[in-house]
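Just below is one structure, and these are the notes that go with it.
Throughout, read-outs are computed from the coordinates displayed, never taken from laboratory work. The model shown is predicted, which means the values in this text are computed figures rather than measured ones. Here the Cβ positions follow ideal geometry from the backbone for every residue, glycine too, while neighbour counts run over all protein chains shown.
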Amino acid sequence: MIKTQNLSKEFETTVAVRDLDLTVEAGQIYAFLGPNGAGKTTTIMMLLGLEKPTSGKIEIMGKSLDTDYFSIKRRIGVVSENQYLYDDMTAWEYLNFFGRLYEVEDREKKIKAFLERVKLYHRRNERLAGYSHGMKQKISIARALLHDPELLILDEPQNGLDPYGIQEVRDIIKEENQRGKTVLISSHILSEIEQTCNRVAILNKGRLVAEGPLDIVKMKAMEDITLIIEVENLTDNVQKAISAEPYVKSVKVDNNKLIIVVDRAEDYRARLSRLIAEEGALLVGMQSKTVSLEEAFMKITESNVKALLKEGTA
């Protein structure tokens, strides 16, 4: 759906994006994360054709952005971080204008449905100038979806929303994804990313520093992995056998539970299960203790900054 190759953007004294290789497959909800100044917005602007890359290639839906910009644009829905709506229009007039622009069939029926979906139908005849920031954000989402695009690019879509509005937008993103839409979302609300996205890319100082399925990216941020294993017939021999394994860093016993810290070089769960069975105990349950996406984000970006500082002094 989206593919970039060696994508870079330089301004006069700054490299905003450096050699970015990004692949977003059709049907994914893909999170694009990074601290302020990481290059996220610049990348999104390049994907939308609003900034010209210094070098590299962009393909969207199998077409080059250089040669098929207008045909691609009609198949994308966009919510930008800073919304500039036509404040003199009512919500109905605004959506009707864009519906005409995109030649939406059954336009008025769809506008009514979207306004009801974002709970603003009762205020459809009010000018947008009187709308709150959160209400304008909802109208922007309705506009982005009105022409039924294949790809949604959302830059801080929950910006300015209250908890109910955040929940509404989360539900809309999931529903549209289930209907077949691909979603690229950039947000600072990492708890929401954790609940909606299945793949994550983290950008820092213009470079891609982590990318992959959400669980794998979180695991990469952990120095060690903690396994909590519930066991029946737990004996000292079980604890001793596990402690003797070279990949095990520590073992603690809490009633009938083993709390085992292992290195993260491999997935050792099957090996530990066999070992427990060989010692005559019964494994009842096993879980991995993981970090949150927020913790992983902080660790990954901090370690990347340290590596870049070392690079600069080498």
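At an R0 of 45 angstrom, the distance between the Cβ atoms of Lys249 and Glu81 translates into a FRET efficiency of 0.55.
Within region 246-289, what residues put their amide N at less than 11 Å from the label point 7 Å along the Cα-to-Cβ vector of Asn237? Those under the cut-off are 278-281.
Straight-line cross-link partners of Lys119 among the aspartates and glutamates, defined as a Cα under 15 Å from its Cα and at least 8 positions apart when in the same chain: Asp162, Glu168, Asp171. Calculated FRET efficiency, Met89 to Asp263, Cβ-Cβ distance, R0 = 41 Å: about 0.10 to the nearest 0.05. For a straight C-alpha distance cut-off of 16 angstrom, the aspartates and glutamates reachable from Lys220 (same-chain residues fewer than eight places away being disregarded) are Glu194, Glu211, Asp263, Glu266, Asp267, Glu294, Glu295, Glu302. Cross-linked pairs Lys181/Lys205; Lys52/Lys110; Lys40/Lys63; Lys40/Lys136: Cα-Cα separations exceed 28 Å for Lys181/Lys205; Lys52/Lys110. When the helices of the chain are scored as -39500 (n - 2.57) per DSSP H run of n ≥ 4 and the total is divided over every residue, the value at 222 nm lands at -11500 deg cm²/dmol.
Inter-label distance, Ser292 to Gln178: 2.6 nm, where each label sits 7 Å from its Cα along the C-beta direction.
Of interest is the spacing of the C-alpha centroids, which for region 264-298 and region 141-209 amounts to 31 Å. Loop-located chymotrypsin sites (Phe, Trp or Tyr not before Pro) across region 35-100 with a Cβ neighbour count of 14 or fewer within 10 Å are Tyr84, Tyr86, with loop assigned by DSSP. Computed from point charges on the beta carbon alone (+1 for Lys and Arg, -1 for Asp and Glu), the dipole magnitude for region 1-110 about its Cα centre is near 260 Debye.
Around the Cα centre of the chain, unit charges on the Cβ atoms of Lys, Arg, Asp and Glu (plus for the first two, minus for the last two) sum to a dipole of about 520 debye. When the GluC sites (Glu not before Pro) in region 174-270 are filtered for DSSP coil states and for at most 13 other beta-carbon atoms within 10 Å of their beta-carbon, the remaining sites are Glu223, Glu266.
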